[in-house]
Amino acid sequence: MAIQITPSLLNADFANLAGEAARIPTADWLHMDVMDNHFVPNLTLGAPVIEALSKAAQQPIDAHLMIADPDRWAPAFAEAGAGSITFHVEAAAAPVRLAREIRAQGARASMALKPATPIEPYAELLPELDMVLVMTVEPGFGGQKFLDLCLPKIRRTRELIEASGGEVWLQVDGGVSVETIERCAEAGADTFVAGSAVFGADDPGAMVETLRDLATSACAH
């Protein structure tokens, strides 16, 4: 499976997002954390910022909606230019309908799970999805410590994806760094969100490549 690195701009310079995107030319996607101060206790950015960055950046945008009522709001992010849209299943009223609506807008549909949310009740949704995001910290803030207790869920999610026979990416988000990415890759993840590890590095572009190499090597073993 191809490894993808999707740096989180939550840890970038918000005054210069286009410039920050240019510092990571080898990133596969730009991960944009949308928070509404309802579903999570933080407020970040919305569709207008994603629309502006999608026109200025070379990489496609991976919008992670940590918001209440994604059924109502998610389609607007596809219209704004996001290439992948992740909704939290804990907040979605009709996840199948929402995934189909996102796909109909031309974006990839992704479902996110908070650390305490099991994957098993949603196994039958996998054919409707392009990606599953397993959160490895509680959503809301960057810079948190990786939760090892999520590794069995990553493994189980990979098993269910393979059983479903679909081409579904498995993303992890939260505390991903040179210390933790190999464990995630060994557990079955192929798409990695890294924020402070990338933008806290002296050379963010080189760190993207370092993370990719570590994950690729771990998958090969």
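The values are calculated or read from the model by the stated rules, or taken from the named source; none is laboratory data. As the structure is a computational prediction, the values presented were derived from the model and not from experiment. Methodologically, a virtual Cβ is constructed for each residue, glycine included, from the backbone with ideal geometry; neighbour enumeration extends over all protein chains shown.
For the reader, a short list of remarks on this structure follows.
So that you can scan it fast, the table gives a plain yes or no per residue for (1) farther than 22 Å from SER177 by Cα; (2) touching a helix residue (DSSP H, G or I) at 6+ places or on another chain (Cβ under 8 Å); (3) aromatic (Phe, Trp, Tyr):
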position: LEU17; (1), (2), (3): no, yes, no
position: ILE24; (1), (2), (3): no, yes, no
position: HIS31; (1), (2), (3): no, yes, no
position: PRO48; (1), (2), (3): yes, no, no
position: LYS55; (1), (2), (3): yes, no, no
position: ASP71; (1), (2), (3): yes, yes, no
position: ALA76; (1), (2), (3): yes, yes, no
position: GLY81; (1), (2), (3): yes, yes, no
position: ALA91; (1), (2), (3): yes, yes, no
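- Residues satisfying the stated conditions in segment 149-196, i.e. farther than 23 Å from LEU129 by Cα and of a type in the set (D, E, K, R): GLU179, GLU182, ARG183
- So PHE199, is it touching a residue at least 60 places away in the same chain (Cβ under 8 Å), among the aromatic types (Phe, Trp, Tyr) and under 18 Å from VAL132 (Cβ atoms): no
- Across segment 43-50, not a single residue is classified as modelled with pLDDT of 95 or more and polar (S, T, N, Q).
- Here ALA218 meets the list (1) in a loop (DSSP other than H, G, I, E, B); (2) over 20 Å from ILE61 (Cβ atoms) almost entirely, failing just condition (1).
- Being under 21 Å from GLY81 (Cα atoms), touching a residue at least 12 places away in the same chain (Cβ under 8 Å) and part of a helix (DSSP H, G or I) is a property that holds for ALA99.
- Residue that is farthest from the chain's Cα centre (by Cα), among those in segment 95-105 that are crowded, with 20+ Cβ neighbours inside 10 Å and farther than 12 Å from TRP73 by Cβ: PRO95
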